[in-house]
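The values are calculated or read from the model by the stated rules, or taken from the named source; none is laboratory data. Keep in mind it's a predicted model, so treat the numbers as computed, not measured. Cβ coordinates were reconstructed from backbone atoms using ideal geometry, including for glycine residues, and neighbour counts include every protein chain displayed. Side chains are part of the model used for accessible areas, which takes the heavy atoms of the whole protein and leaves out ligands, DNA and RNA. Shrake-Rupley method; radii C 1.70, N 1.55, O 1.52, S 1.80 Å.
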Amino acid sequence: MVSPASRCFLLLVDGLRPDVAEDRLAAGDLPHLAEMLADGGHTRAITVFPSTTSVAYLPFLTGCTPGRCNVPSIRWLDRRVYTGRWWREREAVRSYCGYQAPRLDADIAPDVRTIFELVPDSVGIFTPVAKGLTPARDPSRRERQLWGSLAHYAQWHQPSDDAVARHLLRAVDGPARFVFAQFPAVDGYTHQAHPEAPMVLRALRKVDAVVGRLRTRLQARGELERSLVLVVSDHGASTVHTHLDLADWFRAQGVPTLSHPVLWEREPRAAVMVAGNGSAMVYARPGVPRERRWPVELLRRPDAFGVGADLVQALLREPAVGLVAAETDDGGVWVGAAGGAAVIRRTPRGIAYRPLTGDPLQVGGARSGTIGDWLDATWDAEYPDAAYHLLDQFRADRAGDLLVVAREGYDFRWRYEVPEHRAGHGSLARSHMQTPVWSSEPLAAEPIRTVDLFPAMLNWLGEPVPAGLDGQPIWLPGEQLRRAGERGLAPAGRPDLERLPMSR
Ligand SMILES: [Zn+2]
């Protein structure tokens with residue numbers, strides 16, 4: 001049974017696709033993970049939107065979604081204060097991809113606590129979310145910056161993973177009860193080539209070897225039984241054949257547009273903040289501070305961006321664009337695709353989706369249910385669990401007016417991406433949203449959300465689970481089989497899913 005001395009090791013292989021990992025497992029390429037799964041289990045989890053590094057770590061480390069954390073993306077603009085003075089107000093425009101990366105911790109909503117705050121005996125290795133960690137408990141902070149920048153330009157990612165492995169194995173002999181370790185190489189090599197490239201598979205085999213050494217070490221210490229080892233990922237990836245630079249697209253329509261990395265733009269009428277690079281948030285008239293987002297009714301007016309045309313409609317005509325979403329003036333979320341639009345709303349039970357002129361989320365027409373129903377029904381759809389994640393995105397004050405989601409095979413960044421990304425993520429596509437969850441403890445086959453792992457880990461560690469999380473206790477390792485059975489029998493009747501944590 002779970003004792004206070006139990007330990008948890010969360011190993012995050014950034015950008016690992018579940019199908020790629022499952023194929024390697026079936027091929028016998030991952031012997032140490034296979035051994036772990038013989039007593040444990042594996043399933044797939046749906047990550048958060050945008051499906052991109054650092055934002056998609058929040059559910060694992062806080063039990064809350066990006067919307068709840070008020071960190072809607074890796075780049076955003078503070079619409080309430082930005083007046084267009086790009087240098088003086090540079091703090092009102094955020095990008096965690098450069099020197100502002102350390103700002104992420106303080107940007108997380110103050111009432112959201114990280115696992116590092118809740119579990120004082122914890123360590124984070126190569127973690128971009130470090131809120132609550134002292135320098136001693138973030139032992140690779142310097143190396144992460146060094147290897148991270150080297151890897152970016154030299155396309156040399158394995159040394160980062162090797163450094164992570166050294167710190168992880170060292171942490172086994174330390175007092176930490178919770179250890180988070182991030183392995184960046186799979187994502188790095190994926191961007192450089194494709195999700196199943198030989199370099200990606202080699203990096204995965206090396207992670208497998210690290211899991212073997214970790215378990216041998218725990219066995220020698222007599223701690224294997226009381227250690228929960230989880231191997232997870234924050235997002236998937238897919239090959240990109242065409243780049244459409246979305247900021248340049250707005251400029252080509254005649255809209256002066258602010259975008260990273262060169263923020264200077266005279267009187268911008270749009271700001272484009274790309275993530276991953278498969279999605280973007282667009283802010284209309286970013287130099288004019290306002291409290292509220294513009295609803296879709298206003299955004300579609302010809303004068304919205306000052307070019308005498310409905311740019312939402314124009315976006316939907318682009319082959320690169322899969323979905324566009326914005327709030328409605330009566331509190332819903334409008335979502336459009338080339339084939340028509342629908343509205344998503346929160347209901348007392350969960351989420352309702354109503355087609356207006358089409359079925360952009362491709363769920364087969366009108367549908368309503370609990371958030372658990374939505375996960376069960378759509379985890380393997382074209383856009384898995386998208387209704388939940390689109391609503392979540394607009395919970396963040398900092399989110400843009402418009403969300404633009406790329407169609408698979410396309411991304412939104414071209415001019416400044418060095419080296420060129422041949423594969424990417426960040427959208428709502430299945431290949432980006434599905435992730436593997438491999439556990440040393442038995443796990444039901446039903447998919448979960450990555451955010452649901454947070455209460456599972458705290459419960460394993462014998463720590464109280466804070467109220468108000470987005471993560472649901474649908475899998476509690478050690479008690480998992482009973483709950484998994486309940487879930488399989490009555491997916492709509494899970495009482496813990498009736499409460500809708502999305503409403504504040
Ligand atoms: Zn990536």
- Note on the structure: Subtracting the Cα-Cα distance of Gln313 and Asp397 from 0.36 nm times their residue separation yields 27.8 nm
- Query: With labels modelled as points extended 7 Å from the Cα through the Cβ direction, what inter-label distance (nm, one decimal) is found for Arg266 paired with Arg205?
  - Reply: 5.8
- Task: At 1.4 Å probe size, with every protein chain present, just tell me what the per residue accessible area of the chain comes to in Å².
- Result: 37
- What shape does the stretch 1-59 take by its C-alpha gyration tensor, where a ≥ b ≥ c are the square roots of the eigenvalues and a/c under 1.5 counts as rounded, a/b above b/c as prolate, and the rest as oblate? oblate
- Take the alpha carbon gyration tensor of the stretch 54-208, find the square roots of its eigenvalues, order them as a ≥ b ≥ c, and report rounded if a/c is under 1.5; if not, report prolate when a/b exceeds b/c, else oblate. oblate
- Task: Quote to one decimal, in nm, the extra length available between Ala193 and Ala106 on full extension: 0.36 nm per residue of separation minus the C-alpha distance between them.
- Result: 27.9 nm
- Whole-Hz ³J(HN,Hα) from phi, Karplus 6.51 cos²θ - 1.76 cosθ + 1.60, for the stretch 236-247, glycine and proline x: x, 5, 8, 5, 10, 9, 9, 9, 10, 6, 5, 5
- Note on the chain: contact order normalised by length, alpha-carbon pairs under 8 Å, 6 or more apart, percent, works out to 26
- Note on the structure: Under 18 Å by backbone N from the virtual spin label 7 Å along Cα-to-Cβ at Arg251, the residues of the stretch 72-88 are 86-87
- Quick one: which residues, 5 or more positions from Val123 or on another chain, have an amide H under 5 Å from its amide H? H modelled 1.01 Å from N in the peptide plane, none for Pro or chain starts. Phe178, Val179, Phe180
- Message: With θ taken as phi - 60° and the coefficients 6.51, -1.76 and 1.60, list the Karplus ³J(HN,Hα) couplings across the stretch 365-380 in order, rounded to whole Hz; mark glycine and proline as x.
- Response: x, 4, 7, 9, x, 6, 5, x, 4, 4, 5, 4, 7, 10, 4, 10
- Message: Explain nothing, just compute: Karplus ³J(HN,Hα) = 6.51 cos²θ - 1.76 cosθ + 1.60, θ = phi - 60°, for every residue of the stretch 116-133 in order, whole Hz, x for Gly and Pro.
- Response: 5, 7, 7, 10, x, 8, 9, 9, x, 10, 6, 9, x, 9, 10, 4, x, 8
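Is it possible to state the helix-based mean residue ellipticity at 222 nm for the chain, with each DSSP H run of 4+ residues giving -39500 (n - 2.57), the sum divided by total residues, to the nearest 500 deg cm²/dmol? What is it? Working shown, then result.
On the way: 19 runs with 154 residues, N = 504.
One gets -8000 deg cm²/dmol as the mean residue ellipticity at 222 nm.
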- Check Gly426: other-chain or 5+ apart residues with amide H under 5 Å from its amide H, H built from backbone geometry? Ser51, Gly278
- Within the chain, what's the longest run with no chymotrypsin sites (Phe, Trp or Tyr not before Pro) in a DSSP loop and at most 10 other beta-carbon atoms within 10 Å? Give the range, please. 265-504
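What shape does the stretch 117-231 take by its C-alpha gyration tensor, where a ≥ b ≥ c are the square roots of the eigenvalues and a/c under 1.5 counts as rounded, a/b above b/c as prolate, and the rest as oblate?
Details: a/c = 2.37, a/b = 1.37, b/c = 1.74.
Here the stretch 117-231 falls in the oblate category.
Figure the gain on full extension for Thr242 and Ala5 (residue separation times 0.36 nm, minus the Cα-Cα span) and round it to one decimal in nm.
Stretched out fully, the Thr242 to Ala5 stretch lengthens by 80.2 nm.
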- Query: Under 5 Å between amide H atoms, partner at least 5 residues away or on a different chain: which partners does Leu356 have, H built in plane at 1.01 Å?
  - Reply: Ala341, Ala342, Val343
- Counting DSSP beta bridges with both partners in the chain, what percentage is antiparallel, nearest 5? 65
- Separation of the Leu298 and Ala26 label points, Cα + 7 Å toward Cβ, nm: 5.1
